[in-house]
Structures are given as C-alpha cells and as structure tokens.
Amino acid sequence: MSDESFPNAEQLFQQAFAAEDPVPHLLKLLKEHPTYPAVKDLVVFYTEAVEEKPSRGHILASAIAKVASSGDAPTIASKETLWPLIDRELADQHFKVYYGNNEVTQFAPDNTYLLDSLLSGLSLKYGLTSTSDMYAAIDNGLDAPQNGSVHSQVLVVGACIQILLAGSKIVADSAGSYRKSPDGVATKLKAQKTAGAVKDPNGVHVLEVCEVALFRSLF
C-alpha cells in the first residue's frame with residue numbers, strides 16, 4: 001500500500017513545485033485533498049524540491065508562504081487553517097536529526113547539514129517557522145572551535161547561510177534570547193576568518209560574502 005496521501009501525490013507535488021509559479025498548482029492540490037497527510041506531503045516534497053534545486057529555494061519558500069496565507073487556502077479536516085500546520089511540520093524537521101560524520105564532516109553538494117541550514121534560513125526569511133534549534137544552529141556556527149576541522153567549517157558556513165538569508169530575523173525581538181546585534185555577529189565572523197577557521201575555498205567565499213553583507217548593513 002502506498003504511503004502517499006493521495007494517488008500520485010509525489011508526482012503531482014513534484015510537477016507543482018517545478019512550475020514557474022507553483023502557487024495555483026499547490027492550492028489546487030490542497031483544495032482537492034484537504035487532509036493532514038496532504039499537508040505533510042506538501043512539506044516533504046517542498047524540502048526535496050529545494051534540495052534538488054537550491055537555486056529555486058526562494059521561489060519555493062515564497063510559494064509555500066503564499067499558499068499558507070492565501071484566502072483560497074482550504075481548512076484542513078474541516079477545522080484547521082493551513083499556516084499553523086505548515087509551521088508545525090517544518091518546525092519538526094529543521095535540525096531535528098542527528099548529524100553524523102558523513103553529514104557534518106565533508107563539503108559536498110549533498111551535505112545534509114548545509115541543506116538544512118538553507119531550508120532553515122528560508123523558513124526564517126519567509127516566516128514559515130522558527131524554533132530554538134534553528135537559532136541554536138547559528139550560535140553553533142558563530143562559536144565553532146577555530147581548529148580548522150571540516151566539522152567546524154561546516155558549522156560556520158551553515159550559520160553564514162542562515163544569516164545571509166534571514167539576518168533581519170536574527171536581530172529582531174522575536175529571536176528572544178537568541179537575538180544578536182549586527183556588530184556582535186560581524187565580530188564573531190571576523191574572528192573565524194582571522195583564525196583561518198574556514199579553509200574550504202567555497203566555504204571561505206560564503207564567509208566573505210556574509211562579512212560584506214554585514215558591512216553593507218544587511219540588517
């Protein structure tokens with residue numbers, strides 16, 4: 001028996017996310033299948049679509065936000081609105097798994113920690129969800145040991161990805177105890193760079209771009 005929420009759900013969601021404008025296609029699917037499993041599939045196939053084509057991350061995250069806030073969005077199971085369900089599903093995904101050696105100790109296109117950093121930053125930017133785990137991952141990168149290990153490098157770069165995507169959220173009151181000042185972030189990034197903590201060329205580039213963005217008042 002298929003685990004899909006409705007027949008051909010995987011194929012139909014993949015087609016929707018591949019569209020130039022996914023919003024009407026996603027709304028159509030959810031109107032036809034206003035169930036909890038369909039919302040779960042929506043989130044699962046959204047994350048897979050971002051992982052497959054990170055360059056479309058902004059388009060896809062924006063589409064999710066538009067669908068969730070649309071006046072045409074259906075109630076789910078005749079009682080719940082869509083936005084809090086998406087919030088809950090994404091909150092249960094970001095940085096909720098154990099990242100073993102293969103995930104955090106290598107730079108590669110399929111590095112799951114960096115992909116999670118991308119998805120988390122997109123969620124913060126578009127207001128899809130926010131959790132202490134997401135903000136803690138930024139802290140872990142800013143305060144990573146400056147020992148040049150690949151593990152530490154990945155943590156730093158992951159933090160930079162989230163800062164580049166959602167810097168304004170990090171300095172907002174809504175960040176609570178994780179709130180930071182731009183100067184505080186810049187100081188920690190500069191310390192990582194000065195110590196040569198990031199050695200991978202691509203990682204160095206991301207760190208430098210993040211520094212420049214801060215200098216240009218990203219926040």
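Residue pairs whose Cβ atoms lie under 7 Å apart, sitting 6 or more positions apart in sequence or on different chains, and linking a residue in the range 77-96 that is of a type in the set (S, T, N, Q) to a partner that is outside any loop (DSSP other than H, G, I, E, B), are Gln93/Thr47.
Of the listed requirements (1) buried (at least 22 other Cβ atoms within 10 Å of the Cβ); (2) closer than 16 Å to Ser117 by Cα, Val198 misses just one: (2).
Selection within the range 21-58: residues that are of a type in the set (Ser, Thr, Tyr) and crowded, with 17+ Cβ neighbours inside 10 Å. The member of this set that is farthest from Ser117 (Cα to Cα) is Tyr46.
Here Pro24 qualifies as part of a helix (DSSP H, G or I), assigned by TED's automatic domain parsing to the domain that holds Ala73 and closer than 15 Å to Ile59 by Cα.
Restricting Leu124, Leu165 to residues that are within 12 Å of the chain's Cα centre (by Cα), surrounded by fewer than 24 Cβ atoms within 10 Å (Cβ to Cβ) and either in a helix (DSSP H, G or I) or in the same structural domain as Ile59 (by TED's automatic domain parsing) (or both) narrows the list to Leu165. Would you say Ser130 is assigned to a loop (DSSP other than H, G, I, E, B), under 11 Å from the mean Cα position of the chain (by Cα) and within 27 Å of Val43 (Cα to Cα)? Against the criterion (assigned to a loop (DSSP other than H, G, I, E, B), under 11 Å from the mean Cα position of the chain (by Cα) and within 27 Å of Val43 (Cα to Cα)), Ser130 qualifies. For the condition assigned to a helix (DSSP H, G or I), among the hydroxyl-bearing types (Ser, Thr, Tyr) and within 20 Å of Arg88 (Cα to Cα), Ser5 does not qualify. Within the range 144-155, the only residue that satisfies the criterion of being within 17 Å of Ser120 (Cβ to Cβ) and in a loop (DSSP other than H, G, I, E, B) is Ala144.
Does Ala18 count as surrounded by 16 or more Cβ atoms within 10 Å (Cβ to Cβ), assigned by TED's automatic domain parsing to the domain that holds Leu82 and closer than 26 Å to Tyr113 by Cα? No, not satisfied.
The values are calculated or read from the model by the stated rules, or taken from the named source; none is laboratory data. Predicted model, so just to flag it, every value in this text is computed and none were measured. Neighbour counts are summed over all protein chains in view; Cβ atoms, including those assigned to glycine, are modelled from backbone coordinates with ideal geometry.
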